[in-house]
Amino acid sequence: MGGMATGETVLAIGTKKGLWLATSQDRTNWSLSGPHFLMNEIPSIGIDQRNGSTRLLVGARSEHWGPTVFHSDDLGESWTEPENGAIRFNDGDGAALERVWQIQPDAADRPGVVWAGCEPISVWKSTDGGEHFELNRALWDHPDKDQWGAGYGGAAAHSILPSPDDPDTVHVAMSTGGVYRSTDGGESWQARNHGISAYFMPDPNPEVGQCVHKIARDAVEPSTLFAQNHHGVYRSDDSGDNWQSIADGLPSDFGFVMLTHPRKSRTAWVVPIKADGERIPPDGHLAVHRTDDGGATWARFGTGLPDLDYNVVLRDAAAVDTGDPAGFYFGTRGGSVYASADEGEVFVEVASGLPDVLCVRAASL
């Protein structure tokens, strides 16, 4: 794969038992290779293209060796793990790394800066392209920490959104804990969950302790954010200070995926799931829903998907690319992966029979 030509698309698929890489010239016909890291859980993938090359970053978790971050600069031909590991707590921190949930390259004008969200709930920053990370002490020692908990999949800092136009503004979402924002480059963090309901909790409107499943930032208006919560789909137009429900028109307000368009404002995708107690697509009909008006209306798309599929799409098992039109991709816990070259309207199957798909990332080369 080291000789990929410009114009190809690479799709990285992290599963419960390894990493697969798919490539395509037209985003319709795909070639699949792998597995890499067989028998390693791959819950996070980052693709960094800011230095005129493509670096794949993989958060891998071995039951024997534990979790770490590998990187490849030759599209999976070889992999490097930094000596002594990329992410490690100090002896005095009283914690050990359990899982790397998120790998997020920073903005284009901040080359080398990569963020990681981990379990136990923590945020880490690298300035050398994701080879070595430093713990963000302000969040780790936050006074709200005793109110954070573990979601169904574990205690996860699963979303990190650095602002493209302000290097001091970063949003983090955690399950459970909610959305937090820093406006001073990570020196301090404030909860930003006003308007998000948690009617299933003793306090239906808590400021801290929310179970947010995923957040995404608008490509044109950085102060506009979208959130998929444990029951609730929301938009904020003031950088998280206030949230409003945009769930009307969806078959369910429960789900895990939230993605925004790489260029269009107020365009976002979700994959609804029927309630938290059942966790299947509504009536077994797997479909993607897209809004082009900030959540005022939603359109359902399922062409090319199976008539019946009872498998869930996890929070990072979906991605968009920067193509024109944008490509939309997702994988299921049943091991099927689908690709759309027209922003989610028509899908083709990329792979089937894989282990549980945990993470999907795509990039144009």
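What follows draws every value from the coordinates through simple rules; no lab data is involved. Since the model is a prediction, treat every value here as computed from it, not as a measurement. Methodologically, a virtual Cβ is constructed for each residue, glycine included, from the backbone with ideal geometry; neighbour enumeration extends over all protein chains shown.
Over the chain, dividing the summed -39,500 (n - 2.57) contributions of all DSSP H runs of at least 4 residues by the number of residues returns a 222 nm mean residue ellipticity of -500 deg cm²/dmol. Restricting the chymotrypsin sites (Phe, Trp or Tyr not before Pro) of region 135-241 to loop positions (DSSP other than H, G, I, E, B) with no more than 14 neighbouring Cβ atoms within 10 Å leaves TYR152, TYR199, PHE200.
One Cα centroid belongs to region 255-332, the other to region 136-173; the line between them spans 24 Å.
Residue-wise HN-Hα couplings along region 48-65, as the Karplus relation 6.51 cos²θ - 1.76 cosθ + 1.60 with θ = phi - 60° gives them from phi, are 10, 10, 7, 10, x, 9, 10, 10, 8, 10, 10, x, 10, 10, 9, 5, 8, 9 Hz; Gly and Pro carry x.
Assign one of three labels to region 102-249, namely rounded, prolate or oblate, based on the Cα gyration tensor with a ≥ b ≥ c the square roots of its eigenvalues; rounded applies when a/c is under 1.5, prolate when it is not and a/b is larger than b/c, and oblate otherwise.
Cα axes put region 102-249 in the oblate bin.
Run the numbers on region 113-198 and let me know its relative contact order in percent, using alpha-carbon pairs under 8 Å that are six or more apart. RCO, region 113-198: 22 percent. Say the cut-off is 31 Å between C-alpha atoms; which of LYS17/LYS264; LYS17/LYS214; LYS125/LYS274 go over it? Check vs 31 Å cut-off fails for LYS17/LYS264; LYS125/LYS274. In terms of other Cβ atoms within 10 Å, ASP342, ASP307 run from fewest to most in the order ASP307, ASP342.
Structure remark: mean-square fluctuation, Gaussian network model of the chain, C-alpha springs under 10 Å; the largest value among ILE13, ILE246, ILE160 belongs to ILE246.
What is the magnitude of the charge dipole of the chain about its Cα centre, with +1 placed on the Cβ of each Lys and Arg, -1 on the Cβ of each Asp and Glu, and no other charges, expressed in debye to the nearest 20? Let's see the in-between values first.
Values: 27 positive and 51 negative charges, 114 e Å.
Using Cβ point charges on Lys, Arg, Asp and Glu, the chain gives about 540 debye.
ASP165 to HIS64: FRET efficiency via 1/(1 + (r/R0)^6), r the Cβ-Cβ distance, R0 41 Å, to the nearest 0.05? Efficiency at R0 = 41 Å is approximately 0.40. Footprinting exposure proxy ranking of SER340, SER31, fewest other C-beta atoms within 10 angstrom first, gives SER31, SER340. Dipole of the chain computed with +1 at Lys/Arg Cβ and -1 at Asp/Glu Cβ about the Cα centre; of VAL233, GLN104, PRO120, farthest Cα towards the positive end is VAL233.
Compute the longest continuous run of the chain that contains no exposed GluC sites (Glu not before Pro); treat a site as exposed when its DSSP state is not H, G, I, E or B and it has at most 13 other Cβ atoms within 10 Å. Show your work: numbers first, answer last.
Details: sites that count: GLU63, GLU77, GLU83, GLU187.
No qualifying site falls inside 188-365, the longest such stretch.
Here region 305-365 is treated with +1 on each Lys and Arg Cβ and -1 on each Asp and Glu Cβ, and its dipole about the Cα centre works out to around 300 debye. By the count of neighbouring beta-carbon atoms within 10 Å, fewest first, THR68, THR28 end up ordered THR28, THR68. Each of (1) 49, 49, 38; (2) 78, 43, 39; (3) 60, 51, 36 is a candidate for Cα extents along the principal axes in Å; the one calculated from this structure is (1).
Kindly rank 263-275, 285-297 from highest to lowest mean number of other beta carbons found within 10 Å of each residue.
Top of the packing list down: 263-275, 285-297.
Straight-line reach from LYS16: taking Cα to Cα under 16 Å and skipping same-chain neighbours fewer than 8 places apart, the aspartates and glutamates in range are GLU41, GLU63, GLU98, ASP316, ASP356.
Using Cβ point charges alone (K and R +1, D and E -1), the dipole size of region 227-365 about the Cα centre works out to roughly 200 debye. Taking 0.36 nm per residue of separation and subtracting the current Cα-Cα distance, fully stretching the chain between ARG300 and GLU278 would add 5.9 nm.
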